[in-house]
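Below is one structure, written out as structure tokens, with a few remarks after it.
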Amino acid sequence: MAPVFGDSATGVPSGLAGPPSGSVLKRLGGGALLLGTATIVMFVVASAVGPFNIPISHTASTLLDLIGIGESTAEPTEQAIIQSIRLPRVFMAFLVGAALGISGGIMQGLFRNSMADPGIIGVSSGGATGAVIAIASGASAVSTLFLPLFAFVGSGIAMAVVFLIASVGGRFSMATLLLGGIAVGSFLGAITTAIIVLTDDLYVQRQIIFWIAGGVDTARWESVRIAAPIIVAGGLISVFVARDLNLLLVSEDEARSLGVRVTLVRNTLLVSASLITGAAVAFSGIIAFVGLIVPHVVRLVVGADHRVLLPLSALAGGLFLLIADTAARIVLSPAELRVGILTALIGAPFFIYLLVRNRSRASML
Amino acid sequence: MSGRTGIARKITMKIKMKVLVLGLMAVAAMAIVACAGDDIQPEPTATVVPAETVGPAETISPAATQAPRPTAVGPDLSRFADVPEIVDPTNFGWPRTVETSEGLIVIDSLPAKVHSLSLGHTEILAALMDFDRLSAVYSFFVDEEQSNIAGLSAGHNMIGFDPEEVVALEPDVIIASRFTNADTVALLNGAGLSVARTALENSALGNVPNILLIGYMIGAEAEALALVEDIEARMQVVTDGLPDGDKPRVLSVSKFTSTFAAGSNTTEGGIIEQAGGINAAADSGIEGHLQVSIESIAAISPDVILVPQPLEGANIFIEELMTSPALAEVPAIKNGEVHYVVPKYHTTLSHWNVRGIEQLVSLLFPSAFSDVTFEDFSNWAGPVDGGDGY
């Protein structure tokens, strides 16, 4: 796949290889402050709005009560709605968005292509196949945890198979990884479609279709508690090796000469991104375009230094999905849209814009 | 040594490549065989139906069947004049012509084989004619939770969703619903088959013209009139029994991964309104089936919640609703008015929705209907008086 980042992305300046400079820290700090503040504001807004009308003062006092400040003035029903429905959903939306944002940033970096997304090596398709098997077999009806478990295992198996394909002959190839990912993704997509088509049960078909459409409407604290450690740990590990990713972008030989353990770093990033994506898909289904557009937009603003790009992509992805999910909840209130539809509605035109812009630039050269 | 290893590796690679190429060729060959379909099969798919029961379109003989069917003529035949799709409501002989959204369809003679592409229409057909006249059924027709003709369908000729299978059956007339894929209808029309697309309504009485139309097309006027009279009598009992006073706000919700409410223009909503309730989802501005959250249910705050989905999932969902702290103040939860209702009465559009209405009035107004016993509809068990006994 030809690199399309342009010089700022593929030709990493020497400043990106050393310890974080003042400029890096400034960009990271500034971006984190801005996005962090916006996220906190959005947390409050998302907790305050919904089909059930709750006065903002009641929401504020409930949130403050939860962090040990003052006492909630909300009615018991209002408290229950904020604590057991809105907050888990708000946290899950942020976590899933952050997961997709950072894993998209990693994949785009590793493949040196801004059109790469978290599902490019078949992880999302594996998750979908796992979830579909859970629904079609009835396992999802036995326990609410079985569906995400099957989806996560499906993602893991897909990742392992693609890794095996890319490692055939003892030499790991990124090109084979990409092509293998596309092939495995198509294969698993066909299995998913076959299950949908061949099942006689219309209710099962509906469950599968709505799960695939993506959403965080079924989020509970239990699911947040399971997804959060995986996503946070994977994110931290990725940020920890972000400097080495910068060096990998220059060339593997140069990275080796600078002491980078190329295979270890690359595999760590691939596994981290896959696990993060798998955890997100397991609890939200397939949410389109977040992992594609968020890192791209962040890169346009802060540049291609992954020490800045990855953490800010996580924050921006979380914020974007939080905004999208809040909009999905209120735009048709008391009914709601699936957030996956909304992100695709926003993401698809943006993706087309990127394609057109890239073609325009190419024609000018 | 390394040279030998290299040669061995090359040989191994070549063998692997050959295996891969042969494998791909085998897959391609299988694909070609699959595409070739009937051409290479020893028996045509039409043999699924016994030869003597299949009436090929070409065998229709208008001349032999043009005489009016005197047995079907009765005083109520004037009701067919209210069916706009019937081109000449005074003609009860053959051929007869109807005009649906698919255009003019001339039915030359009494159809020996009828095919239906929708469960709802098939339920109506089962009440109007011998089920053996139905060319085939689909797999979901045998689902006892969705289908009111599961028993009849279980032993019947079952086909897949490929239009080719329908063509092979050579039905004399095909009935499609407004939800039937337009390409499927076009393919069947293109194969020379007559397809009539009729729209079923979300109202029991609103469906009367459709039932009369279906009866007219298959030559079961007397049976159609009998079914219509049964529906009208049942609805009269319901209407007469409804008490005056405030109407309960009723919400119909199902959970398929996410939760969906039935708003306006839905089968469930129509049943709620005809049973004397207010469709709470429609009242809150929801149109069609839309996704809602637990919080939405709290905001809608219905007096009664109905769950028309398979029992296993319904029980889990009802438990979730009853134990959600966010719904503790909702009247339906506080008063224990969360009910599983039989999905086949509530979600499949046919005359069986009247059973859903009857079930619901008993639920909403138990004292008003305590002395009424509602019974299931009967499927065709022989010719109705005035029918031709086909």
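The values are calculated or read from the model by the stated rules, or taken from the named source; none is laboratory data. All of these numbers come straight from a predicted model, not from anything done at the bench. Neighbour counts run over all protein chains shown; Cβ positions are idealised from the backbone, glycine included. Heads up: the accessible areas ignore ligands, DNA and RNA and are worked out on the full protein's heavy atoms, side chains in. Shrake-Rupley method; radii C 1.70, N 1.55, O 1.52, S 1.80 Å.
Some observations on this one:
- In the full protein context, segment B:48-235 carries 38 Å² of accessible surface per residue, based on a 1.4 Å probe and ignoring ligands, DNA and RNA.
- Accessible area per residue was computed with a 1.4 Å probe on protein heavy atoms; B:Glu223 scores about 10 Å².
- Per-residue mean of C-beta atoms belonging to partner chains within 10 Å, peptide A:332-342: 5
- Using all pairs of distinct alpha-carbon atoms, the Kirkwood hydrodynamic radius of the protein assembly as shown works out to 29.8 angstrom.
- Contact order for segment B:78-131, expressed relative to its length and based on alpha carbon pairs under 8 Å spaced 6+ residues apart, stands at 19 percent.
- In order along segment A:26-41, phi translates into HN-Hα couplings of 5, 5, 5, x, x, x, 5, 5, 5, 5, x, 5, 4, 5, 4, 4 Hz, rounded to whole numbers, per the Karplus curve 6.51 cos²θ - 1.76 cosθ + 1.60 with θ = phi - 60° and x for Gly and Pro.
- For the chain pair A and B, buried accessible area totals roughly 2400 Å², probe 1.4 Å, rounded to the nearest 100.
- For B:Leu290, nonlocal amide neighbours, meaning residues 5 or more places apart or on other chains whose placed amide H falls under 5 Å from its own, are B:Ala261, B:Gly263.
- Cα→Cβ-extended label distance, 7 Å offset, between A:Asn267 and A:Asp253, nm: 2.4
- Sum of side-chain charges, B:Ser258 neighbourhood, beta-carbon under 14 Å (Lys, Arg +1; Asp, Glu -1): +1
- Mean accessible surface per residue for segment A:24-119, computed with a 1.4 Å probe while every protein chain stays in place, in Å²: 39
- Positive contributions from Lys and Arg (+1) and negative ones from Asp and Glu (-1), summed over other residues with Cβ under 13 Å from the Cβ of A:Ile287, come out at -2.
- Distant-in-sequence amide H partners of B:Tyr340 (H built 1.01 Å from N, under 5 Å): B:Val307
- Derived scalar couplings ³J(HN,Hα) [segment A:144-161; Karplus, 6.51 cos²θ - 1.76 cosθ + 1.60; whole Hz; x for Gly, Pro]: 5, 8, 5, 4, x, 5, 4, 5, 5, 5, x, 4, x, 5, 4, 4, 4, 5
- Spin-label proximity, B:Asn91 to segment B:212-228 - amide N less than 14 Å from point 7 Å beyond Cα toward beta carbon: B:217
- Applying Stokes-Einstein at 37 °C and 0.692 mPa s to the Kirkwood radius of segment A:22-364, computed over alpha-carbon pairs, gives a translational diffusion coefficient of 158 µm² s⁻¹.
- The three principal axes of the C-alpha atoms in segment B:48-235 carry coordinate ranges of 41, 41, 29 Å, sorted with the longest axis first.
- Carbon plus sulfur fraction of accessible area for chain A, probe 1.4 Å, in percent: 71
- Model label points for A:Val356 and A:Val168, set 7 angstrom from Cα along the Cα-to-Cβ axis, are 4.1 nm apart.
- Protein heavy-atom surface of segment B:126-183, 1.4 angstrom probe: 50% of the accessible area is carbon and sulfur, with nucleic acids and ligands not counted.
- Per-residue HN-Hα couplings for segment A:57-67 [Karplus 6.51, -1.76, 1.60; θ = phi - 60°; Hz; x = Gly/Pro]: 5, 5, 5, 4, 5, 5, 5, 5, 4, 5, 9
- Over chain A, relative contact order from alpha-carbon pairs under 8 Å, at least 6 apart, %: 29
- Dimensionless Rg ratio for segment B:166-205, taking C-alpha atoms and the 2.2 N^0.38 Å reference: 1.29
- Between B:Asp82 and A:Ala175, the modelled label-to-label distance comes to 7.5 nm, taking each label 7 Å out from Cα in the direction of the beta carbon.
- Contact-buried residues of segment A:22-71, at a threshold of 10 Å² lost accessible area versus the chain by itself: A:Pro51, A:Phe52 (1.4 Å probe; DNA, RNA and ligands ignored).
- Take every pair of alpha-carbon atoms less than 8 Å apart whose residues are at least six positions apart; their mean separation over the length of segment A:96-232 yields a relative contact order of 24 percent.
- With only Cα atoms counted, segment B:243-364 has Rg and Dmax values of 12.9, 39 Å.
- Segment A:202-274 - convex hull of the alpha-carbon atoms, volume per residue in Å³: 126
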